[in-house]
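Contents: one structure, followed by commentary.
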Amino acid sequence: MNPIYYDADADLGVLEGMTIGVVGYGNQGRSQALNLRDSGLELIVGNIADESFDQARTDGFETMSIVEACKRAQLVMLLVPDEVMPDVYARDVAPYLKPGDVIDFASGYNVAFGLIKPTKEVDVIMIGPRMIGPGVRDTFVSGEGFPSFVGVHQDASGQAKARMLALAKALGSTRAGCIEMSLHDEATLDLFTEQALAPALGNMLITAVQILVDAGYPPEAVLLELYLSGEMIYAFEKIREVGMNKQSEFHSRTSQYGSMTRGARFADVMGPISDLMKGVLQEIRSGAFAEEWSTDREKKLELLEELSKIRDALPLSQWELQTRKAFRIGDAAESED
Ligand code: NDP
């Protein structure tokens, strides 16, 4: 099993005297910066001149251009979106890195697929939170912390691992536990969830909705039953707490019997889905996906826009809005009728 690290494995002392430069004050950047400051570390923020820059100032951070932050910092946390990162790195970061510096990524993607090739004189580490930005902050404040995938890609100083663990501790991640792996494995697992599991589940859901609406059930009732009531969130929370099998005990015997007997029928026909998933995994691991997404970016963005329009035009979007309004769910709760 890959090693798992906790607070006791990390010593904040190894970061003493280092200025940390948080580059990108967005989803991850803001939460990570607030956590590090609360852990007593010295940090500066580098961002383009936009709302995030103003937010960092409002939050009380010394805020400057990305170039200035990279000139001053000894540990740079690169927290800009993955698709712009190679350009930002080449233009604003790499020229200002000094031997012995550390560069930290929250996702292994760009390094794993060769889109960023850091110079040999710096430590390259990853702390990849298994948590969205707001959760990184909320779980730090609550004391629970959040799990991460961590890894050392390059150890120029001989201290890369100790520095990585110290940073993970200051972020609040070793409280929950950090599992070590390569940046390639982190990126692969992340992309697989996005490209295989999520689309498979999404398509199952759309199919189930369509079957029930076509059979004459009101869309509001169907969506509430299938996912908008929040019952599913509780079920997943219970799966997290007690595991998949024990969670089923919270459901009636009728539910358990029906689910297990009919579930076997679905298990029997998973072959084609499994093959599709394996194909997706192969594209990710070989770097074919990363190459596809990096090539001809303008055309890819146009395609993304087209696909988003098709998705938004599905009747599901309208049914969701109707249901969320009728049951005052989420941001539709306040909207006008
Ligand atoms: P965001 O989309 O929140 O953007 C981060 C910051 O980068 C923002 O301040 C943004 O400015 C700025 N930015 C956008 N475009 C540029 C550009 N061209 N040049 C310089 N700065 C730019 O990023 P995330 O926080 O979501 O992601 C950061 C890293 O964290 C990524 O590596 C991601 O994979 C990783 N990660 C993200 C998770 C998440 O839940 N979001 C979870 C785990 C890891 P503006 O606000 O103006 O757009």
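The values are calculated or read from the model by the stated rules, or taken from the named source; none is laboratory data. Everything quoted here is computed from the prediction, not taken from an experiment. As a convention, Cβ positions derive from the backbone with ideal geometry for all residues, glycine included, and neighbour counts pool all protein chains shown.
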Margin query: Filter segment 308-337 down to the residues that are of a type in the set (Asp, Glu) and loosely packed, with under 12 Cβ neighbours inside 10 Å and list them by number.
Written below: Asp312, Asp331, Glu334, Glu336, Asp337
Notebook entry, point to check: Do you know which residues across segment 226-249 are loosely packed, with under 13 Cβ neighbours inside 10 Å and of a type in the set (Phe, Trp, Tyr)?
Noted result: Tyr234, Phe236
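Being modelled with pLDDT of 95 or more, surrounded by 22 or more Cβ atoms within 10 Å (Cβ to Cβ) and not acidic (Asp, Glu) is the requirement here; does Met64 meet it?
Details: modelled with pLDDT of 95 or more: yes; surrounded by 22 or more Cβ atoms within 10 Å (Cβ to Cβ): no; not acidic (Asp, Glu): yes.
Here the answer is no, as Met64 does not meet what is asked.
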Margin query: Could you go through segment 17-27 and let me know if any residue there is aliphatic (A, V, I, L, M), within 30 Å of Phe289 (Cα to Cα) and in a loop (DSSP other than H, G, I, E, B).
Written below: no
Check: With respect to Val269, is the statement that it is at pLDDT 95 or above, more than 30 Å from Gly29 (Cβ to Cβ) and either loosely packed, with under 13 Cβ neighbours inside 10 Å or not acidic (Asp, Glu) (or both) true?
Finding: no
Next item on the list: Kindly list, by first and then second residue, each pair from a residue in segment 82-103 that is under 18 Å from Glu68 (Cβ atoms) and outside the structural domain of Gly128 (by TED's automatic domain parsing) to a residue that is near the ligand (Cβ under 10 Å from one of its atoms) and part of a helix (DSSP H, G or I), limited to pairs with Cβ atoms under 8 Å and residues at least 6 apart or on different chains.
Entry: none
Item checked: Residue selected from segment 198-239 under the condition in contact (Cβ under 8 Å) with a residue 40 or more places away in the chain and under 25 Å from Pro272 (Cα atoms), by the criterion farthest from the chain's Cα centre (by Cα) -> Val209
Next item on the list: Starting from segment 134-151, take each residue that is farther than 16 Å from Leu165 by Cα and list its partners that are part of a strand (DSSP E or B), counting only C-beta distances under 9 angstrom and pairs at least six apart or across chains.
Entry: Gly135/Pro129; Val136/Pro129
Notebook entry, point to check: Where in segment 37-151 are there helices (runs of 4 or more DSSP H), lying fully within it, with 2 or more residues that are more than 14 Å from the ligand (Cβ to nearest atom)?
Noted result: 66-72, 133-142
Note to self: When you scan segment 286-307, do you find a residue that is surrounded by 11 or more Cβ atoms within 10 Å (Cβ to Cβ), touching a Gly at 6+ places or on another chain (Cβ under 9 Å) and closer than 25 Å to Glu83 by Cα, even just one?
What the structure shows: yes
Check: From Leu223, Leu197, Leu201, which residue is part of a helix (DSSP H, G or I) and surrounded by 17 or more Cβ atoms within 10 Å (Cβ to Cβ)?
Finding: Leu223
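If you go through segment 96-107 one residue at a time, do you hit one that is aromatic (Phe, Trp, Tyr), at pLDDT 95 or above and more than 23 Å from Glu180 (Cα to Cα)? Break it down into steps so the answer makes sense when it comes.
Filtering segment 96-107 for residues aromatic (Phe, Trp, Tyr) gives 96, 105.
This time we only want the ones that are at pLDDT 95 or above, so: 96, 105.
Subset that is more than 23 Å from Glu180 (Cα to Cα): 96.
Yes, that holds for at least one residue.
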Check: With Ala112, Ala90, Ala106 as the choices, which residue is crowded, with 17+ Cβ neighbours inside 10 Å and either under 21 Å from Gly46 (Cβ atoms) or over 18 Å from the mean Cα position of the chain (by Cα) (or both)?
Finding: Ala106
Margin query: Cβ contacts < 6 Å: first residue in contact (Cβ under 8 Å) with a residue 60 or more places away in the chain, restricted to segment 66-77; second residue away from the ligand (no atom under 11 Å from the Cβ), any location; separation 6+ or different chain. Result?
Written below: Leu75/Met18; Leu75/Ile20; Leu75/Val102
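Do the conditions hold for Gly29, that is, is it surrounded by fewer than 16 Cβ atoms within 10 Å (Cβ to Cβ), modelled with pLDDT of 95 or more and closer than 22 Å to Gly145 by Cβ? Break it down stepwise before answering.
Details: surrounded by fewer than 16 Cβ atoms within 10 Å (Cβ to Cβ): no; modelled with pLDDT of 95 or more: yes; closer than 22 Å to Gly145 by Cβ: yes.
Taking the combined requirement at face value, the residue does not satisfy it.
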Next item on the list: Give me a count of the residues in segment 267-320 that are outside any helix (DSSP H, G or I) and over 24 Å from the mean Cα position of the chain (by Cα).
Entry: 4
